[in-house]
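**Q** Below is one structure. I have some questions about it.
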Amino acid sequence: MKKHDRIYVAGGKTLIGAAILRRLQQQGYTNIIGKPGEEPTLTNASEAEAFFAQMAPKYVFMAAGKSGGIRANQNFPAELMLDNLLVECHVIHNAYRYGVQKLLYLGSSCSYPKHCPQPMRVESLMTGPLEPTNEAYAIAKIAGMKLCHAYCQQHGMNFVTGIPANVFGPGDDFNSKDSHVIAALIQRMHEAKIKNTLSVSIWGTGKPRREFIFADDLADACIFVMLEYNEPQPINMGVGVDLSIRELAQLIKEIVGYPGELCFDTRMPDGMPLKCLDSSVLHRMGWKPKTSFRFALQTTYDWFLQMKEDAVGEFF
């Protein structure tokens, strides 16, 4: 992938897509197409095809498709599943049809079985039942993964799949109802701090453990994989460290400066008990994360505060 090659980041408005765009620009890639505002509606077959026919990207990072936390997956399973299936079909097929040299499809750690041996290895994919709270979304992401593999098998395409750990960072969705856990906790604890609320309720027991990756680190990993990895087998993209939701909530409490109590609602679902990726293949190839977890959380909270400040400025 040369600096002047036509590169398309599908889903440039998403958390991951925006981070990849930032990193590509910082690294001097000069021919990025389909940026936010110029991107077609990827759930629309004719718009997607017209874009590929006209723009002819050489490399595609596929970060498009709707996602959300446990509540979003419970309330909108059909919407999440359909959106991802349509986007995958339109982007992957047109990448083949219009001669994309390499495509990196980003899957999801939700695609692993609920009771998967830990840390999760790609050999465990499709070996057991999925976590029920995100089954529809996970099946859609598995379909995209398998579609890439099918094009590799049948047509010899270089379509690779990366499976990231849970992603967070500037540009995340801070809607407390539908967002992922870090963004939701930041938003809720900040609001509780401002309103002097005595406690914040958190879904579940706090015992499940998760592995998180900062969006900018993941963007670096995506570019690294695009340059260095060419196998049809998916590759895990994580940092190799996990922590419990209770530990995460306590750390966010400290960063936000919220003085109240954290109350865990054990009537609500936990989701998967543990999600930690075996990313040894990626690490042996030479990639390592650059950002400490606490610094990444602080950076995310600082971005959230700036976003709120900018929104108030626009209002007045």
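Taken together, the values in this text are just the output of simple stated rules run on the coordinates, not laboratory data. Being a predicted model, the structure only gives us computed values, none of them experimental. A quick note on method: Cβ atoms are made from the backbone with ideal geometry, for glycine too, and the neighbour counts reach across all protein chains shown.
**Q** Mind giving me the nanometre distance, one decimal, between the label points for Thr205 and Ile139, set 7 Å out from Cα along Cα→Cβ?
**A** Each label point is offset 7 Å from its Cα along the Cβ direction, giving 2.8 nm.
**Q** Apply the Karplus parameterisation 6.51 cos²θ - 1.76 cosθ + 1.60, with θ equal to phi minus 60°, to every residue of segment 19-26 and state each ³J(HN,Hα) to the nearest whole Hz, in sequence, with x for glycine and proline.
**A** 5, 5, 4, 4, 5, 4, 5, 5
**Q** Work through the residues other than Asp217 whose Cβ is under 13 Å from its Cβ and net out their charges, Lys, Arg +1 and Asp, Glu -1.
**A** +1
**Q** Report the charge-dipole magnitude of segment 1-68 in Debye, nearest 20, computed about the Cα centre from +1 at each Lys and Arg Cβ and -1 at each Asp and Glu Cβ.
**A** With only Lys, Arg, Asp and Glu charged at Cβ, the dipole is about 360 debye.
**Q** Okay, moving on. What distance in nm lies between label points placed 7 Å from Cα along the C-beta direction at Arg22 and Ser46?
**A** 3.7 nm
**Q** About the Cα centre, and with charges only on the beta carbon of Lys, Arg (+1) and Asp, Glu (-1), how big is the dipole of the chain? Nearest 20 debye, please.
**A** Taking the Cα centre of the chain as origin, the dipole is about 440 debye.
**Q** Now, a different point. Which order results if His155, His93, His190 are arranged by neighbouring Cβ count within 10 Å, fewest first?
**A** His155, His93, His190
**Q** How far is helix 135-155 tilted, in degrees, relative to the longest principal axis of the Cα atoms in the chain, given as a value from 0 to 90 rounded to the nearest 10?
**A** Long axis of 135-155 versus the principal axis of the chain: about 20 degrees.
**Q** Now, a different point. Can you run phi through the Karplus equation (6.51, -1.76, 1.60; θ = phi - 60°) for segment 163-175 and list ³J(HN,Hα) in whole Hz, with x for Gly and Pro?
**A** Along segment 163-175, the couplings run 10, x, 5, 4, 9, 8, x, x, x, 5, 8, 9, 6 Hz.
**Q** Continuing with this model, one more query. Of Ala215, Ala95, Ala53, which has the largest mean-square fluctuation in a 10 Å C-alpha GNM of the chain?
**A** Ala53
**Q** Tell me, Ile33, Ile245, Ile186 in order of fewest to most beta-carbon neighbours within 10 Å? Write out the running numbers ahead of the final one.
**A** Details: Ile33 16, Ile245 21, Ile186 25.
Arranged by neighbour count, lowest to highest, Ile33, Ile245, Ile186 become Ile33, Ile245, Ile186.
**Q** Further question: Would you grab the residues whose amide H sits under 5 Å from the one on Val167? Only those 5+ places off in sequence or on another chain, please, with H modelled 1.01 Å from N.
**A** The list, which skips near neighbours in sequence, is Ile213.
**Q** Among the DSSP beta bridges whose two residues both lie in segment 7-315, what percent are antiparallel, rounded to the nearest 5?
**A** Details: 3 of 31 bridges.
Around 10 percent of the beta bridges assigned by DSSP in segment 7-315 are antiparallel ones.
**Q** Right, here's the next one. Between Leu297, Leu82, Leu305, which gets the highest mean-square fluctuation from a Gaussian network model of the chain, Cα cutoff 10 Å?
**A** Sorting by GNM fluctuation, first place goes to Leu305.
**Q** Taking the Cβ of Thr291 as the centre, find all other residues whose Cβ is under 9 Å away and add up their charges (Lys, Arg: +1; Asp, Glu: -1).
**A** Around Thr291, the surrounding residues sum to -1.
**Q** Using only DSSP helix segments of four residues or longer, with each worth -39500 (n - 2.57), what per-residue ellipticity at 222 nm results for the chain after dividing by its residue count and rounding to 500?
**A** Calculated at 222 nm, the ellipticity per residue is -14500 deg cm²/dmol.
**Q** Search the structure for amide H atoms under 5 Å from the amide H of Leu274, placed 1.01 Å from N in the peptide plane, and list their residues when 5 or more places away or on another chain.
**A** Excluding prolines and chain starts, which carry no amide H, the hits are Arg209.
**Q** Also: Can you work out ³J(HN,Hα) from phi for every residue in segment 66-81, in order, using Karplus 6.51 cos²θ - 1.76 cosθ + 1.60 and θ = phi - 60°, giving whole Hz and x for Gly and Pro?
**A** Couplings: 6, 8, x, x, 4, 5, 4, 5, 6, 7, 10, x, 5, 4, 5, 5 Hz.
**Q** Which of the three applies to segment 251-316, rounded, prolate or oblate, going by the alpha-carbon gyration tensor with a ≥ b ≥ c and a/c under 1.5 meaning rounded?
**A** oblate
**Q** Using the Cα centre of the chain as origin and beta-carbon charges of +1 (Lys, Arg) and -1 (Asp, Glu), tell me which of Leu251, Gly34, Gly271 is placed farthest towards the positive end of the dipole.
**A** Among Leu251, Gly34, Gly271, the one farthest towards the positive end of the dipole of the chain is Leu251.
**Q** Report, ordered by chain and residue number, the lysines lying within cross-link reach of Lys114, taken as a straight Cα distance under 29 Å and ignoring same-chain residues fewer than 8 apart.
**A** Lys66, Lys141, Lys146, Lys177, Lys207, Lys253, Lys275, Lys288
**Q** Would you mind telling me which residue in Gln154, Gln25, Gln118 has the biggest mean-square fluctuation in a Gaussian network model of the chain, where springs connect alpha carbons within a distance under 10 angstrom?
**A** The residue that fluctuates most here is Gln154.
**Q** Using modelled amide H (1.01 Å from N, peptide plane; none on Pro or chain starts), what sits under 5 Å from the amide H of Lys114, excluding residues fewer than 5 places away?
**A** Answer set, sorted by chain and number: Leu130, Glu131.
**Q** Another question about this same structure. Within segment 1-57, list the trypsin sites (Lys or Arg not before Pro) lying in a DSSP loop whose Cβ has at most 11 other Cβ atoms in a 10 Å radius.
**A** Loop-located and lightly packed - Lys2, Lys3.
**Q** While we're on this one: Relative contact order of the chain: what whole-number percent is it, with Cα pairs under 8 angstrom and at least 6 residues apart?
**A** Here the relative contact order equals 19 percent.
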